[in-house]
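Notes follow the structure.
The values are calculated or read from the model by the stated rules, or taken from the named source; none is laboratory data. These numbers were taken from a predicted model, which means no experiment stands behind them. All Cβ positions, even for glycine, are placed from backbone atoms using ideal geometry, and neighbour counts span all protein chains on display.
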Amino acid sequence: MNGRQRLSRVTGHEFRVTAANKGFVITTIIGPFLILAVALLPMLGTQAMMDSELDEEITVALVAGEAGLGSAVRDALGEAGISVREMESMDGAREAVAEGEMTAAVDLGPLARGEDAYAFVGESGIDMRIPERVERVVGEAVTHRRMLEAGYDPEEIAAVTERPEMRRIRPDATAEEGDPFLDAFVTAFAFVFLIYMSVIFYGQMIGRSALTERTSKTVEIMLSSVTPLELMFGKVFGKGVAGLLQYAFWIGLGLFLSSVVAPQFDIRVPDALTAGNLALLLVFFLGAFLLYAMGYAAIGAGSSDEQHMGQLGMPLLVMLIVPMVLISPIITAPDSTLTVALSIFPFTAPIVMLVRITVGSPPVAQVFASIGLLGVTIAGMGFLSARIFRMAVLAGGGRIGFRDLLRYLRA
């Protein structure tokens, strides 16, 4: 049996171990829906919370400082569903809030003295909707009173200064097709989370598999039939085929839902969910998977236990976390210097460049540079990981540190 046949057997074995179980099937079927839930539920929950009424009764201690101003603010807060109790001093109001008698306290004294700010006193764990609502109501009441004192009609000024609504539209879309920027945000976030979870899942699975075989001495039996390099690349390719199978199913499901199901039920499909973007999702997943899987294979082979593998794998994990932490600035400023740099840097490029393509139109040269550098880095990582994997496996089950890994690279 030649090397290609042995590699094919190891690949097939790893694929069957990964794909031939109920967990893989369930994850493949419900994975996209879980990702959409993660992307949409926080946004929908925040909007629902901001639009809902406050459950608890709100009582605000008001220190007016001036009779007319206090009366206007008291009436405005009452119309907003906030009970008001006027107090003589701020010290008493603070004490009432501290003892739980009042939800919050508002000191309008600085406004009465001609200052531009007033004080709001509340516990650190107060519902954020309360100070926001108080700020809006007090601001409107104070502005309304100032207009009356200056001899202006507040209603006329409000009508004249009302800003028109801006509807953001793509060049090839209409105003009725929704907000393309929101669609791009949701689509980009879903793509990013999908790649992140897949790479973490398969990478750590490969690392744990290499660790288990090395520490349980089964690798000695396997090395009688295959070489260390065939074993490592077989693990990577086997898991990779399983990942590609999942992504093929998800992309096919997305195309079916967007082209067949959505028109039947008059469901609007996000503009960013195109066949081209789905194909790029597959390309960048494959690049990210190969890059990180080879790293995790070497780290798993060089680890003595799960904790040790986590320590050695921390740099790889940080590289994956950085784009997730910066997802909002990346989406809102896809052409900034930081975003462009991250989209070219190979370890963050699969996620960041995919986001840039989803939400905008980066220069073609940058896209090819990103993919080219990613390919070169995958080749280099494969070479280095193969050396580390081979030396670590042959070294036995002892503990290996960063110095040992560097020594293996120089060997």
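Checking G398 against (1) closer than 18 Å to G203 by Cβ; (2) outside any helix (DSSP H, G or I); (3) at pLDDT below 90, which single condition isn't satisfied?
G398 satisfies all of (1) closer than 18 Å to G203 by Cβ; (2) outside any helix (DSSP H, G or I); (3) at pLDDT below 90 except (1).
From the list I221, I206, exactly one residue is part of a helix (DSSP H, G or I), at pLDDT below 85 and among the hydrophobic types (A, V, I, L, M, F, W, C). Which is it?
I221
Those residues that are assigned to a helix (DSSP H, G or I), in contact (Cβ under 8 Å) with a residue 12 or more places away in the chain and not charged (D, E, K, R), I need them from the range 95-133; list them, please.
A96, V97, G109, P110, L111, A112, I130, P131
When you scan the range 266-276, do you find a residue that is under 23 Å from the mean Cα position of the chain (by Cα), touching a residue at least 40 places away in the same chain (Cβ under 8 Å) and part of a helix (DSSP H, G or I), even just one?
no
Just give me the residues in the range 324-375 being assigned to a loop (DSSP other than H, G, I, E, B), buried (at least 21 other Cβ atoms within 10 Å of the Cβ) and either of a type in the set (D, E) or at pLDDT below 90 (or both), in sequence order.
Passing the criteria: only P334.
Looking at the range 282-311, which of the residues that are part of a loop (DSSP other than H, G, I, E, B) and of a type in the set (S, T, Y) is nearest to F193 (Cα to Cα)?
Applying the filter and picking the extreme gives S303.
Got a sec? Which of A96, A117, A104 is modelled with pLDDT of 75 or more and touching a Lys or Arg at 6+ places or on another chain (Cβ under 9 Å)?
Selected residue: A96, the only one of A96, A117, A104 that is modelled with pLDDT of 75 or more and touching a Lys or Arg at 6+ places or on another chain (Cβ under 9 Å).
In this structure, is L40 part of a helix (DSSP H, G or I), at pLDDT 70 or above, surrounded by 12 or more Cβ atoms within 10 Å (Cβ to Cβ) and of a type outside the set (G, A, S)? Step through it out loud before you land on a result.
Values: part of a helix (DSSP H, G or I): yes; at pLDDT 70 or above: no; surrounded by 12 or more Cβ atoms within 10 Å (Cβ to Cβ): yes; of a type outside the set (G, A, S): yes.
Here the answer is no, as L40 does not meet what is asked.
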